[in-house]
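Please treat every number below as a calculation from the coordinates, not as lab data. Since this is a predicted model, take the numbers as computed values, not measurements. Don't worry about glycine lacking a Cβ; one is built from the backbone with ideal geometry, like all the others, and counts go over all protein chains shown.
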Amino acid sequence: MTVKNALSRRGFVGGVATAVGYLTFKPGLGLLAQGVGPAHRLAAGAQQPLNEYDSYAKLSFNENPYGPPDSVMKAMTHAFKYANRYGYPDGGIVEEIATHHGVRPENVMIAAGSGEILDVVGSAFASNGKKVVGVDPTFAQVYQHVTSVKGSAFTVPLLEDYRQDIPGLIQATKKHYRDVGFVYMCNPNNPTGRVVTKQEIRQLLDGVPEDTVVLIDEAYHHFVDDPNYATSIPYVLEGRPVIVTRTFSKIAALAGMRLGYAIAPADLIRQMSPFETGTINALVKHGGVAALKDTESQATVKRLTLDLRRKTTTQLQGLGYTVIPSETNFFMVHLRRPVVPVIAEFQQKGVLVGRPFPPMNQHLRVSIGTADEMDRFMVAFKDIMSRPITTAGRGEGRLQ
Ligand code: PMP
């Protein structure tokens, strides 16, 4: 397989990018503002030269640094001929996803990123006074969206080893049963990288009232090696009220193209569909079909990512820092000092790292980039951490 290099990727977007000449980007506002949904819109009026964006080591959003493989680029380039159409052939993306998972097309909903599906589930099941139950910290977009549609979040803290508290979630769901719209579980969890084991998923599903909708976000599924982890898609086939979300933004390197999906029982998909926006572009539908088939390139990305994660975390441990064991393309290191000023110092050194995840205020989340980006991270880390604690800098940002 070929993981595309930066040069050939530029061949794909080069024309447009060169014509525009500038990317709306401002470090600290622009990049950190690249969240999901409306948060993706970059800070207004923040014009910076394109090469300033390119110059950063981008370790903040858990992206795939290698870009889409040749097979996917070819499919998207071919689909450009539909750019002027509405009713174009879409490559059979829904059917391909269904076949890939052994489910029926009526069990599939596609969206402009799995973040859109999280919003759809929030709108469908937890608006107007209903609650979403889940842990904190996690990928909090669900909680934010539910709050925006007049629902609320009931959160349970992580355990001391940063795993998710299954008995705590069961208890909270039972306690608020009348008001619970759904339970949210990110597996593996963002930001910690820890998995919920298959035994714990079963414990949760058997422990909550049987009609409780459980949303399981498997955005980082493809990076997991732990044999105690398993996808929860078989529960959908059993007919349980389980919604599993997946994304093409991580292993498939299509974050900027926006494609994700849900696998769920058909009656839940029907309840969700009034809230979908249908804003998926022609290119990524074709790119998605090619990505599902290119398992070889995904295996290469996984191997490169896990090798670099092992190398970087071993170096950090060698320096005496504790790292939370991760099964994803990012990890958290305990800094033993407040993370907010450290994030700002990294940025000054041209390295973008993850936002703060309170209450883990001394943990830094680092995405796995290329070998060169990880070297730049280590050089910056040693320098920043060898100096006294500063109080400068802002580390706030949107979700990713
Ligand atoms: N779920 C999790 C856990 C994530 O980390 C992200 C993005 N970082 C998403 C969902 C949304 O991703 P996307 O909308 O690009 O599919």
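General remarks:
- Proximal lysines relative to Lys311, as straight alpha-carbon distance under 19 Å, when same-chain residues fewer than 8 apart are discounted: Lys58, Lys302, Lys382
- Debye intensity ratio I(q)/I(0), log10, segment 70-295, q values 0.09, 0.13, 0.14, 0.16 Å⁻¹ (C-alpha model): -0.35, -0.73, -0.84, -1.08
- Segment 328-385: C-alpha gyration tensor shape, a/c 1.5 cut-off, then a/b vs b/c: oblate
- Since only Val289, Gly207, Ser232 are under comparison, the one whose Cα sits farthest along the positive direction of the charge dipole of segment 184-324, derived from C-beta charges on Lys, Arg, Asp and Glu, is Val289.
- HN-Hα J in Hz across segment 356-372 - Karplus 6.51, -1.76, 1.60, θ = phi - 60°, x for Gly and Pro: x, 10, x, x, 7, 6, 10, 9, 10, 9, 10, 7, 8, x, 6, 4, 5
- For segment 297-313, 3J(HN,Hα) per residue [Karplus equation, 6.51 cos²θ - 1.76 cosθ + 1.60, θ = phi - 60°, Hz, x = Gly/Pro]: 5, 5, 5, 5, 4, 4, 5, 4, 5, 5, 4, 5, 5, 4, 4, 5, 5
- Amide proton proximity set for Thr322, modelled H, under 5 Å, gap of 5+: His334
- Shape category assigned to segment 175-282 from the gyration tensor of Cα positions, a/c cut at 1.5: oblate
- The ranking of Arg337, Arg355 from fewest to most other beta carbons within 10 Å of each one's beta carbon is Arg337, Arg355.
- For Lys174, a cut-off of 27 angstrom between C-alpha atoms picks up these lysines, skipping any fewer than 8 places away in its own chain: Lys130, Lys131, Lys150, Lys198.
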